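The values are calculated or read from the model by the stated rules, or taken from the named source; none is laboratory data. Everything numeric in this text was worked out from a predicted model, so none of it was measured. Here the Cβ is made from the backbone with ideal geometry for all residues, glycine too, and neighbour counts use every protein chain on show. Accessible surface is based on the protein model in full, side chains and every heavy atom, while ligands, DNA and RNA are left aside. Shrake-Rupley method; radii C 1.70, N 1.55, O 1.52, S 1.80 Å.
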Amino acid sequence: MTTKNKIYLFLSLFVLLLTFVAIFQNFETIQFIGFETEIIWIPIWIAVVILPLLNLYEIASNPSDFNGYYWISLVLNLLTIIFILRYFKIELFS
(Lines give C-alpha, C1' and ligand atoms only; values in the text may rest on other atoms or scores of the structure.)
Protein backbone atom coordinates (compact mmCIF):
# COMPACT_ATOMS: atom_id res chain seq x y z
CA MET A 1 0.00 0.00 0.00
CA THR A 2 1.71 3.15 -1.19
CA THR A 3 -0.53 5.67 0.54
CA LYS A 4 0.00 4.31 4.05
CA ASN A 5 3.35 6.05 4.41
CA LYS A 6 1.84 9.39 3.37
CA ILE A 7 -1.06 8.91 5.80
CA TYR A 8 1.38 8.27 8.68
CA LEU A 9 3.38 11.34 7.67
CA PHE A 10 0.24 13.46 7.56
CA LEU A 11 -0.93 12.17 10.95
CA SER A 12 2.47 12.83 12.51
CA LEU A 13 2.52 16.37 11.15
CA PHE A 14 -1.07 16.93 12.29
CA VAL A 15 -0.28 15.74 15.84
CA LEU A 16 2.76 18.04 15.97
CA LEU A 17 0.62 21.01 14.90
CA LEU A 18 -2.09 19.97 17.34
CA THR A 19 0.54 19.93 20.08
CA PHE A 20 1.53 23.51 19.28
CA VAL A 21 -2.12 24.54 19.37
CA ALA A 22 -2.57 22.81 22.73
CA ILE A 23 0.51 24.52 24.17
CA PHE A 24 -0.48 28.04 23.11
CA GLN A 25 -4.27 27.91 23.54
CA ASN A 26 -6.56 27.23 26.51
CA PHE A 27 -9.28 24.61 26.23
CA GLU A 28 -11.97 23.19 28.46
CA THR A 29 -10.65 21.21 31.43
CA ILE A 30 -12.13 17.77 32.15
CA GLN A 31 -11.57 14.84 34.52
CA PHE A 32 -10.04 11.89 32.65
CA ILE A 33 -8.96 8.71 34.45
CA GLY A 34 -8.37 10.60 37.69
CA PHE A 35 -6.43 13.43 36.04
CA GLU A 36 -7.61 16.95 35.39
CA THR A 37 -6.54 17.86 31.87
CA GLU A 38 -7.56 19.92 28.90
CA ILE A 39 -9.63 18.00 26.40
CA ILE A 40 -7.21 18.52 23.50
CA TRP A 41 -4.44 16.54 25.22
CA ILE A 42 -6.34 13.22 25.14
CA PRO A 43 -6.03 12.59 21.36
CA ILE A 44 -2.47 13.91 21.44
CA TRP A 45 -1.49 11.42 24.15
CA ILE A 46 -3.12 8.56 22.26
CA ALA A 47 -1.38 9.52 19.01
CA VAL A 48 1.99 9.99 20.73
CA VAL A 49 1.83 6.41 21.95
CA ILE A 50 0.47 4.74 18.82
CA LEU A 51 2.08 6.58 15.88
CA PRO A 52 5.75 5.91 16.73
CA LEU A 53 4.96 2.24 17.22
CA LEU A 54 3.23 2.05 13.84
CA ASN A 55 6.14 3.81 12.13
CA LEU A 56 8.68 1.50 13.76
CA TYR A 57 6.63 -1.52 12.75
CA GLU A 58 6.52 -0.40 9.11
CA ILE A 59 10.26 0.32 9.06
CA ALA A 60 11.09 -3.05 10.60
CA SER A 61 8.66 -5.11 8.52
CA ASN A 62 9.79 -3.64 5.17
CA PRO A 63 13.57 -3.19 5.40
CA SER A 64 14.14 -3.52 1.65
CA ASP A 65 11.63 -0.78 0.70
CA PHE A 66 12.32 2.93 0.72
CA ASN A 67 11.12 4.06 4.15
CA GLY A 68 11.82 7.79 3.92
CA TYR A 69 8.28 8.86 4.79
CA TYR A 70 8.24 6.55 7.81
CA TRP A 71 11.57 7.92 9.04
CA ILE A 72 10.39 11.52 8.66
CA SER A 73 7.19 10.61 10.51
CA LEU A 74 9.22 9.02 13.28
CA VAL A 75 11.37 12.15 13.64
CA LEU A 76 8.21 14.29 13.82
CA ASN A 77 6.85 11.96 16.50
CA LEU A 78 10.05 12.35 18.52
CA LEU A 79 9.82 16.14 18.20
CA THR A 80 6.25 15.98 19.47
CA ILE A 81 7.34 13.88 22.44
CA ILE A 82 10.12 16.36 23.24
CA PHE A 83 7.72 19.31 23.17
CA ILE A 84 5.24 17.47 25.39
CA LEU A 85 7.97 16.60 27.89
CA ARG A 86 9.10 20.22 28.01
CA TYR A 87 5.54 21.57 28.32
CA PHE A 88 4.67 19.31 31.25
CA LYS A 89 8.16 19.83 32.77
CA ILE A 90 8.91 16.12 32.87
CA GLU A 91 12.62 15.52 33.43
CA LEU A 92 13.74 12.06 32.43
CA PHE A 93 17.34 12.70 33.41
CA SER A 94 17.85 14.71 36.57
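In this structure, does TRP71 turn out to be free of Cβ contacts under 8 Å to residues at least 40 places away in the same chain, in contact with a helix residue (DSSP H, G or I) (Cβ under 9 Å, 6 or more places away or on another chain) and farther than 19 Å from TYR8 by Cβ?
no
Looking at (1) part of a loop (DSSP other than H, G, I, E, B); (2) modelled with pLDDT of 95 or more, can you tell me which one ASN26 breaks?
(2) is the only condition that ASN26 fails.
Consider region 42-58. How many of its residues are open to solvent by 90 Å² or more (accessible area, probe 1.4 Å) and of a type in the set (D, E, K, R)?
Number of matching residues: 0.
Tell me yes or no: at least one residue of region 28-41 is out of contact with any helix residue (DSSP H, G or I) (no Cβ under 7 Å at 6 or more places or on another chain), open to solvent by 30 Å² or more (accessible area, probe 1.4 Å), of a type in the set (S, T, N, Q) and over 16 Å from PHE10 (Cα atoms).
yes
Go through region 49-68 and give me each residue that's in contact with a helix residue (DSSP H, G or I) (Cβ under 6 Å, 6 or more places away or on another chain) and under 21 Å from VAL21 (Cβ atoms).
If the condition is that a residue be in contact with a helix residue (DSSP H, G or I) (Cβ under 6 Å, 6 or more places away or on another chain) and under 21 Å from VAL21 (Cβ atoms), then LEU51, PRO52 are the ones that fit.
Looking at region 59-85 only, could you name the residues that are over 14 Å from the mean Cα position of the chain (by Cα) and open to solvent by 30 Å² or more (accessible area, probe 1.4 Å)?
ALA60, SER61, ASN62, PRO63, SER64, ASP65, PHE66, TYR69, listed by residue number.
Return the residues of region 1-24 that are out of contact with any helix residue (DSSP H, G or I) (no Cβ under 8 Å at 6 or more places or on another chain), closer than 21 Å to ASP65 by Cα and open to solvent by 80 Å² or more (accessible area, probe 1.4 Å); say none if nothing qualifies.
Passing the criteria: MET1, THR2, ILE7, PHE10.
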